[in-house]
Every structure is written in C-alpha cells, then in structure tokens.
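K.L.:
Mind looking over this structure? Questions follow.
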Amino acid sequence: MNSTNTSAELGNSSAEFGADRNLGAHEQEQSVYETLPSHGSLGESSRLAGMDSAMLVGATVTQGSALIGAVLIVAMLLFPRCRRWSAALLPWRWRWLWGLLFRRRKPDAASGRRDSDVGAGAAIEMVEVGGGASKVAPAAASVAAEPPLLHVPKLLGSSSSPPSVISHEQVCAVCRALPPRLTLCDWTLLYSTEQHGCSLRTCYRQLEGRHGPNLVLVLDDGGRLFGAFASEALRCERHYFGTGETFLFSLAPSFAAYRWTRQNSHYVLGGHDSLAFGGGGAFGLYLDASFERGSSARCDTFGNEPLGSSPEFGVVKVEVWGFR
C-alpha cells in the first residue's frame, strides 16, 4: 500500500516536472521570438541605413564640388589667363555674364571714376589710338598696358582697300568697349556709302531682316572719326528704340566712349529723313537722309562731348557693321 502510494506520488511529481519543463521551454522560446525583430523592422532598418549612406555620399560630393568651385574661383581671380580660357569655353549666350563678373575697371585719372560708373555722364575709357594727345593721358597709359585681346575681329564683306576707315588699333579699342558677348565676333560690313550709295533708305534696306546690334562709323570733312554702337538693328521707327548698352564714341584723335547716363531712354531714333542717337537738349549724333550733313552736341542720354570737328559737319563716309 505504501509502495503504491509512493509510486503514484513519483508519477505525479514526474508529470508536474514535465509540465513545468515544457512551460519553461515555451516561455523561453516566446522570449526569444519577442527579442528578434520582425521582418518589417528589418526592412525599415535597412532602408534607414541606406538613406544615411546616401546622405553621407551626397554631403561628401557637395563638399567636394564646393571645394573645387572655390579653388577655380580663386584661380580665376588671381590669374587673368584662367579667366580668358574659361570665357573661350563658354557658349556666346553666357559670355555677357562672364564679362559682367570679371569686367575690367579702368580708373579715370581726372575724376577717379571707373568705367562701370555711368551715372555721372562723363567720358569713360580714354585710349590713345591716333596721333593726337589723349585728354586723360594716365588713363590711356593704363589701357595701353592691358593684355592683348583674346580675339581680334576680322573685317568681312568689304570690297574696299583698306576694308574700312577704322584702323587695326582703333578696332581693338572699340572691341574693349563692346558688350562682352560680342568680343569674340567678327565684323561684317552691312552698309557703306562708298559701296551702296549715300542714302538712309538704302541703309535701312541693307539691314532688313537683321536682328543683331550694329556699329556705325562716321568720317567727317574735318578728319574726325566717331560713331555709335546700337544694341538693336537700325530701322525706321516712330519712337526711340534700343537698350542701355547703346553708346557713342570718338576714335580720332583719341578714343572715348560715352555710355548711358540713365537720365532718359532716348537711345536711337530712326526716321525717314534722319538717323539720330541720344536726346534731351540735343542729339548726341545726327545724320540726315542723304548722309551728306550731320551734327553732334552734348545730350542727356550719353553726356557726351561733341563728336565732330565742328557742331555741324559734312559727312565724308558712313559705315554700318554687324557681328557674326
């Protein structure tokens, strides 16, 4: 009887021990599963790790690009040759921005102004290109010391010999005054009184269908050579046209460019009976319909000095050039 009870108690103890053991194993397995991350958590962790890696790579590339850009900017500021090489590689549509960023600033010895200070309305850029003495000799000397042009334009389309009334030195002087986008262009003769006759109407007809800027050269009976740069093609129109890039200039006996003073917007006025540049008080440059007579006086638009050998002068030759 006692042995039977003892056996039963042992059996019960074994069963309880087995149940406890199974329960402990189940609890241990459950705790292991709970400690393991789910598939969704693993995917999220991988995605976050990938994003961190991409951000790290992007930040590294950005910092490297910024460093390279800073080195290039410093090189262009310190070495003018780097600026010229970089300008030659740019498309011509963006060269104006390059010229604006790295524009040469030439001090005026008389007033201390620079060529970008166009509000005062005085002559800017004095370059000695002829036999006479420049009005501002120190400024002329500083311009003469400048490095040579990146591109000296060819004079195309002329049947005359020499091809123009303008000399090689004067071409270089005008090129330095042109907008940067045109400094690498060649010049094409569109109209000349010598080749096409003395008529403003003929001049308009020669320029029909052209949309680029024009350069006008005038030689008067006193031997003075001067002209105007028109930012738009010359045409017959009832109102003034053009932009602030338009300017007047004198070539002989010395070079002087007279830029927009911002006092008005009277750039170019092309009529049936005359062609005029500037306004406000008087025309800066006026030519009649037959290109026989002209006049020049100080105007508010450009603040220029009279360009001709006299206030009213006889015209010897007129040329209109385009750019290509």
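The values are calculated or read from the model by the stated rules, or taken from the named source; none is laboratory data. As the structure is a computational prediction, the values presented were derived from the model and not from experiment. Positions of Cβ are backbone-derived with ideal geometry, glycine not excepted, and every protein chain shown enters the neighbour counts.
K.L.:
Every residue in region 295-314 that is within 34 Å of the chain's Cα centre (by Cα) and not hydroxyl-bearing (Ser, Thr, Tyr), please. Walk me through how you get there before you give the answer.
P.N.:
From region 295-314, those within 34 Å of the chain's Cα centre (by Cα) are 295-308; that's our starting set.
Within region 295-314, ALA297, ARG298, CYS299, ASP300, PHE302, GLY303, ASN304, GLU305, PRO306, LEU307, GLY308 meet the criteria.
K.L.:
Related question: Give the residue that is modelled with the highest pLDDT, with candidates limited to residues of region 142-166 that are loosely packed, with under 14 Cβ neighbours inside 10 Å and small (Gly, Ala, Ser).
P.N.:
Once the filter is applied, the top-ranked residue is SER159.
K.L.:
Across region 179-214, what is the number of residues that are in contact with a Leu (Cβ under 8 Å, 6 or more places away or on another chain) and under 27 Å from GLU237 (Cα atoms)? Can you show your working first?
P.N.:
If we filter region 179-214 for residues that are in contact with a Leu (Cβ under 8 Å, 6 or more places away or on another chain), which is where we start, we get 180, 183-184, 186-191, 195, 200, 203-204, 206-207, 210, 213-214.
Of the ones still in play, those that are also under 27 Å from GLU237 (Cα atoms) are 187-191, 195, 200, 203-204, 206-207, 210, 213-214.
Looking only at that region, the number is 14.
K.L.:
Another one. Given the criterion part of a loop (DSSP other than H, G, I, E, B) and either crowded, with 24+ Cβ neighbours inside 10 Å or at pLDDT 95 or above (or both), identify the matching residue among GLY212, GLY227, GLY279. Write out each step before concluding.
P.N.:
Details: GLY212 fails: either crowded, with 24+ Cβ neighbours inside 10 Å or at pLDDT 95 or above (or both); GLY227 fails: part of a loop (DSSP other than H, G, I, E, B).
Just one listed residue meets the conditions, GLY279.
K.L.:
All but one of (1) under 25 Å from GLU292 (Cβ atoms); (2) surrounded by 22 or more Cβ atoms within 10 Å (Cβ to Cβ) hold for PHE255; state the number of the condition that does not hold.
P.N.:
(1)
K.L.:
Among the numbered conditions (1) modelled with pLDDT of 95 or more; (2) buried (at least 19 other Cβ atoms within 10 Å of the Cβ); (3) in a loop (DSSP other than H, G, I, E, B), tell me where PHE249 comes up short.
P.N.:
Unmet condition: (3).
K.L.:
With respect to LEU269, is the statement that it is surrounded by fewer than 23 Cβ atoms within 10 Å (Cβ to Cβ) and in contact with a strand residue (DSSP E or B) (Cβ under 6 Å, 6 or more places away or on another chain) true? Let's see the steps before the verdict.
P.N.:
Details: surrounded by fewer than 23 Cβ atoms within 10 Å (Cβ to Cβ): yes; in contact with a strand residue (DSSP E or B) (Cβ under 6 Å, 6 or more places away or on another chain): yes.
Taking the combined requirement at face value, the residue satisfies it.
K.L.:
Any idea how many residues of region 173-209 are without any contact (Cβ under 8 Å) to a residue 24 or more places away in the chain, in a helix (DSSP H, G or I) and either under 30 Å from the mean Cα position of the chain (by Cα) or surrounded by fewer than 16 Cβ atoms within 10 Å (Cβ to Cβ) (or both)?
P.N.:
Selection size over region 173-209: 2.
K.L.:
Now a separate question. Which condition number does PHE313 fail, the rest of (1) touching a residue at least 40 places away in the same chain (Cβ under 8 Å); (2) closer than 20 Å to LEU234 by Cα; (3) of a type in the set (Phe, Trp, Tyr); (4) in a strand (DSSP E or B) being met?
P.N.:
(2)
K.L.:
Quick one: would you say THR261 is surrounded by 20 or more Cβ atoms within 10 Å (Cβ to Cβ) and in contact with a His (Cβ under 7 Å, 6 or more places away or on another chain)?
P.N.:
Working: surrounded by 20 or more Cβ atoms within 10 Å (Cβ to Cβ): yes; in contact with a His (Cβ under 7 Å, 6 or more places away or on another chain): no.
So THR261 fails the test.
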